[in-house]
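The structure appears below as structure tokens.
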Amino acid sequence: MPDLIYKSKLYVTVVANQIHICNKKCKGPAPSEQTCKKGFSRPYSKTTHYKEGNSQYIYKCLIKVDSWVVSYHPVIFLRWDAYMNTQYITD
Ligand SMILES: [Zn+2]
């Protein structure tokens with residue numbers, strides 16, 4: 001999640017568009033310790049990094065609310081002003 005004070009426009013836009021809520025499409029919510037079909041809630045991670053053998057990056061996720069945010073590119077997202085899912089893919 002962006003900082004509410006220093007990046008308030010981004011914060012408000014993320015809250016309005018990028019919070020995953022489990023439903024029939026993702027067959028969630030998943031049982032405790034598991035993720036829904038869309039991978040939520042995401043695991044905690046101190047950094048955004050590549051994990052060997054995985055085609056997707058692991059995104060920085062420090063607090064519980066971060067684990068429900070769908071990834072986005074801040075500059076594009078603010079201009080787009082709607083839901084997006086942007087990810088680094090390795091193959
Ligand atoms: Zn879900």
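The values are calculated or read from the model by the stated rules, or taken from the named source; none is laboratory data. Computed from a predicted model, the values in this text were never measured in an experiment. We place every Cβ from the backbone using ideal geometry, glycine too, and count neighbours over all the protein chains shown.
Worth a mention:
- Scanning region 41-79 for residues that are in a helix (DSSP H, G or I), out of contact with any Lys or Arg (no Cβ under 9 Å at 6 or more places or on another chain) and of a type in the set (F, W, Y) returns a single hit, F77.
- Of all residues in region 56-65, exactly one satisfies the criterion of being over 22 Å from I89 (Cβ atoms), away from the ligand (no atom under 16 Å from the Cβ) and in contact (Cβ under 8 Å) with a residue 24 or more places away in the chain, namely I63.
- Unmet criterion (only one of (1) out of contact with any Cys (no Cβ under 6 Å at 6 or more places or on another chain); (2) small (G, A, S); (3) at pLDDT 90 or above; (4) away from the ligand (no atom under 15 Å from the Cβ)) for G53: (3)
- Residues of region 28-47 that turn out to be over 18 Å from V15 (Cβ atoms) and either in contact (Cβ under 8 Å) with a residue 40 or more places away in the chain or surrounded by 13 or more Cβ atoms within 10 Å (Cβ to Cβ) (or both), as a count: 9
- Screening V70 on (1) away from the ligand (no atom under 12 Å from the Cβ); (2) in contact (Cβ under 8 Å) with a residue 24 or more places away in the chain shows it passes everything except condition (1).
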